[in-house]
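First the structure, in the form of structure tokens, and then the observations on it.
The values are calculated or read from the model by the stated rules, or taken from the named source; none is laboratory data. What you see is a predicted model, and the numbers here were worked out from it, not measured in a lab. Reconstructed Cβ throughout: ideal geometry from the backbone, glycine too, with neighbour counts over all protein chains shown.
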Amino acid sequence: MTGRRLGIMGGTFDPIHHGHLVAASEVAHLFSLDEVVFVPTGQAWHKGEREVTAAEDRYLMTVIATASNPRFSVSRIDIDRPGPTYTIDTLREMRALHGPDTELFFITGSDALAKMLTWRNAEDMFGYAHFVGCTRPGHRLADPGLPDGRVSLVEVPALSISSTECRDRIRAGEPIWYLVPDGIVQYINKRGLYRGAPA
Ligand code: ATP
Ligand code: MG
């Protein structure tokens, strides 16, 4: 198949929420993507300050949340690669898996995009994929200095949902219904996730 357009949505997904899903759906529509692959991180190098939920739980939640969308899928490449997850490795592996005829679109929140220039191999990354930064309430992108032509910024319907807020709400005994898909509320309850004290 030629000219396939593939979105990559990387994230910790601890837990996945409707902000992630709306952003992926909106970018898929705007950029005519054939598929969006959600790629949960293994050990996220930049989240060392807190205990991240087991990769298998985050992976399963991502599968549950995306299962009903025929254009969404989930990849284990970052979970199965030993060591910390670096986006450059994700992009290299995706490129190798999908070949030169597939155009890659890396979907990210604009908060994460602004940090990317500080990442290892930041310049190389833009050679592997077109980057799409989604604006997100509270994270205005101020002169990010990103390379011309390799980055687009899009506005997604304002969703001020974050995984941090979901975790905090669960810990405080507040509901997360409708911030995340129903199956995720049920999975979190079944596994007793996020109930403990913050790490
Ligand atoms: P945390 O609060 O733990 O940082 P998060 O909600 O930012 O979690 P991540 O798994 O860190 O979720 O995010 C994965 C990607 O999704 C990042 O690129 C992030 O910027 C983006 N993202 C997260 N929430 C939203 C949202 N509400 N709208 C658009 N993009 C989002
Ligand atoms: Mg985040």
Here the residues within the stretch 97-128 that are within 15 Å of ligand 1 (Cβ to nearest atom), exposed (fewer than 15 other Cβ atoms within 10 Å of the Cβ) and over 18 Å from Thr12 (Cβ atoms) are Leu117
Would you pick out the residues in the stretch 164-190 that are under 15 Å from Thr53 (Cβ atoms) and over 22 Å from the mean Cα position of the chain (by Cα)? Arg171, Asn189, Lys190
Among the residues in the stretch 83-96, are any loosely packed, with under 15 Cβ neighbours inside 10 Å, part of a helix (DSSP H, G or I) and at pLDDT 95 or above? yes
Which residues, taken from the stretch 160-185, are surrounded by 12 or more Cβ atoms within 10 Å (Cβ to Cβ) and either in a helix (DSSP H, G or I) or basic (Lys, Arg) (or both)? Ser163, Glu165, Cys166, Arg167, Asp168, Arg169, Ile170, Arg171, Gly183, Ile184, Val185
